[in-house]
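For reference, the structure is listed below as structure tokens.
All of the numbers you see were taken from the coordinates with simple rules; none came from a lab. Everything numeric here is computed off the predicted structure, so don't read it as measured data. Cβ atoms come from the backbone with ideal geometry, glycine included; neighbour counts cover every protein chain shown.
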């Protein structure tokens with residue numbers, strides 16, 4: 001199968017350039033469709049000899065044209081980058097097309113005046129998100145995490161999970177740009193429990209998803225700031241244990257008062273909806289300590 005490309009000229013935007021590439025899949029030669037055509041009047045991105053165009057894919061004259069994006073690489077290095085992307089779209093990630101990555105209509109190769117040339121054709125699936133990861137709606141954040149995990153479960157590491165590579169497709173994320181992806185056996189040891197303290201990076205054992213979750217701010221901090229130091233969040237559950245980390249020149253009373261202060265501040269900031277429940281538990285624990293101390297004195 002051959003692909004005819006009609007794209008805006010790099011020299012004169014009022015004219016077009018036309019060239020033909022062949023399907024890189026040798027088995028596609030037996031396809032019922034011998035010739036397809038991509039027409040574009042708009043380049044939407046250019047990056048180091050890789051051009052991206054939005055246009056129409058015409059599969060036959062009796063069918064509506066498809067709204068697609070064509071990513072073209074000119075020159076050996078650019079061709080290799082596009083080839084890497086096509087390798088994953090049509091291989092390990094093929095089952096995720098239309099789920100969390102755009103459907104792919106093929107990978108095409110050939111030669112033009114620019115030298116070796118290749119392209120992939122993808123469904124147009126919206127524009128990149130406009131907000132920073134941390135400012136997205138909670139449901140969209142969750143969907144991004146699910147998409148990233150699905151990609152990792154397919155033994156693929158994306159390599160560039162940034163806002164520019166996440167599209168908003170009818171309220172759901174579509175992950176794009178697998179130029180820098182590689183095969184990868186994910187060894188993450190935990191589920192992503194949103195709203196819970198972040199695990200330690202080494203314990204989580206997957207830096208790409210860990211960093212994504214940190215960027216999305218789906219975890220609360222793994223540490224609590226106490227007297228100019230950061231202590232493990234586990235100490236925030238017991239003010240006396242946190243106070244024990246205070247510098248030696250602090251009195252026990254000062255250290256404990258400061259421990260209660262920073263714990264209250266931390267809970268109000270990150271767990272406001274649970275503050276009343278938490279405070280009731282802390283008050284009960286304090287009363288229990290006072291009662292135990294009074295009993296000990298009485299026994300003396």
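A few points about this structure:
- Ranked 118, 131, criterion: other C-beta atoms within 10 Å, fewest first: 131, 118
- Cα-based helix-to-principal-axis angle, 76-89 vs the chain, degrees rounded to 10: 70
- Inter-part distance where segment 214-238 and segment 104-126 are each reduced to a Cα centre, Å: 47
- Crossing angle, helix 138-153 versus the chain [Cα axis fit, 0-90 degrees, rounded to tens]: 70
- The GNM of the chain, with springs linking C-alpha atoms under 10 angstrom apart, assigns the highest mean-square fluctuation among 40, 60, 248 to 248.
- When 81, 228 are arranged by Cβ crowding within 10 Å, least crowded first, meaning fewest neighbours, the order is 228, 81.
- Within segment 113-157, backbone nitrogen closer than 14 Å to the virtual label 7 Å beyond the Cα of residue 92 toward Cβ: 148-157
- Taking other Cβ atoms within 10 Å as a rough exposure proxy, 61, 90, 242, 161 sort from fewest to most as 61, 90, 161, 242.
- The distance between label points at residue 230 and residue 196 comes to 2.1 nm (points 7 Å beyond Cα on the Cα→Cβ vector).
- Summarising the label geometry, the points placed 7 Å from Cα in the beta-carbon direction at residue 22 and residue 169 lie 3.1 nm from one another.
- With the simple model of a label 7 Å out from the Cα in the direction of the Cβ, residue 1 to residue 112 spans 2.0 nm.
- Stretch gain in nm, segment residue 35-residue 56, where the contour uses 0.36 nm per residue and the Cα spacing is subtracted: 6.1 nm
- Three-way shape call for segment 127-216 based on the alpha-carbon gyration tensor, with the a/c threshold at 1.5: oblate
- Förster radius 30 Å - calculated FRET efficiency between residue 215 and residue 189 (Cβ-Cβ, nearest 0.05): 0.90
- Estimated from helical segments only, the mean residue ellipticity of the chain at 222 nm is -10000 deg cm²/dmol, where each DSSP H run of four or more residues counts as -39500 (n - 2.57).
- Compared with the dominant Cα axis of the chain, that is its longest principal axis, helix 207-216 is turned about 80°.
- By DSSP, the beta bridges lying fully in the chain are antiparallel in about 90 percent of cases.
- Residue of 271, 210, 107 that the Gaussian network model of the chain assigns the largest fluctuation, springs spanning Cα pairs under 10 Å: 271
- Comparing 48, 67, 168 in a Gaussian network model of the chain where C-alpha atoms under 10 Å apart are linked, the largest mean-square fluctuation is found at 48.
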